[in-house]
Amino acid sequence: MATFVLVHGGGHGGWCYRAVKRRLEAAGHEVFAPSLTGLAERARSLSADVDLDFHIDDVVQLLRYWDLHDAIVVGHSYGGMVITGVGDRAAARVGKLVYLDAANPRNGESLVDVAGPVIEMTRPMGAVVDGVELVLLPAPGAAAFYGISDPADAAWADARLTGHPWKCFAQKLQLTNEHRVWEIDTGHDLMITEPERVTAALLEVATD
């Protein structure tokens, strides 16, 4: 049995891994899909103090309190920034890192450095709420931005997509180790649009 920790990207929550989580659990694996502080069901925890460092610590503490070891930690999009930091800070608990169309930063880089054009494109459509700059605000058709075209999936995702603190994008990541990068060629929200393919790939990673 493998242990998976599935980390979502900006504007999402653990909910986006629902289909993948169910498939991995059906295959007999232990799966955690936490929502990062300030997002999804934890949106009320959003404050100016929530940043990339905070999100990295969310996952590090999950590994610690559940006493997880040799975990396969998966990150999507902005979640790549998070899992890279997790791999650095909790190396003894992490077995493998998997990047799902995710940021794969080098030491000292922020998400702006990795994906600046996309972030700058969305930033003008954001808003400042309680002193926190948010991007990727909920809007009709937001799911299409992530490559979700199936009407049922799009309606489901549109109802859940939320804003994301800009501070998390701007903060630079400090790390010392290196990681393997792996991708599936599909829409950006591949865990929603192609859960079977994502699950199959993760199962292959578990047996490597």
Subject >> Answer from ASP49, ASP53, ASP58 - the residue that is acidic (Asp, Glu) and either under 13 Å from VAL94 (Cα atoms) or not in a helix (DSSP H, G or I) (or both) >> reply: ASP49
**OP:** Collect the residues in segment 70-91 that are in contact (Cβ under 8 Å) with a residue 60 or more places away in the chain and either open to solvent by 10 Å² or more (accessible area, probe 1.4 Å) or not in a helix (DSSP H, G or I) (or both), keeping them in residue-number order.
**Re:** ASP70, ALA71, ILE72, VAL73, VAL74, GLY75, HIS76, SER77, TYR78, ASP88, ALA91
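Going by the conditions given, is GLU109 crowded, with 16+ Cβ neighbours inside 10 Å and in a loop (DSSP other than H, G, I, E, B)?
So GLU109 fits the description; yes.
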Subject >> Enumeration of residues in segment 123-155 that are open to solvent by 50 Å² or more (accessible area, probe 1.4 Å), out of contact with any Leu (no Cβ under 7 Å at 6 or more places or on another chain), in a helix (DSSP H, G or I) and hydrophobic (A, V, I, L, M, F, W, C) >> reply: ALA144, PHE145, ALA152, ALA155
**OP:** Answer yes or no: is there a residue in segment 38-48 that is buried (at least 24 other Cβ atoms within 10 Å of the Cβ), of a type outside the set (Phe, Trp, Tyr), on the phi > 0 side of the Ramachandran plot and in contact (Cβ under 8 Å) with a residue 24 or more places away in the chain.
**Re:** yes
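The values are calculated or read from the model by the stated rules, or taken from the named source; none is laboratory data. Given the structure is predicted, the values throughout are model-derived calculations rather than measurements. Neighbour counts are summed over all protein chains in view; Cβ atoms, including those assigned to glycine, are modelled from backbone coordinates with ideal geometry. In case anyone asks, the SASA skips ligands and DNA or RNA and just uses the protein heavy atoms, side chains included. Shrake-Rupley method; radii C 1.70, N 1.55, O 1.52, S 1.80 Å.
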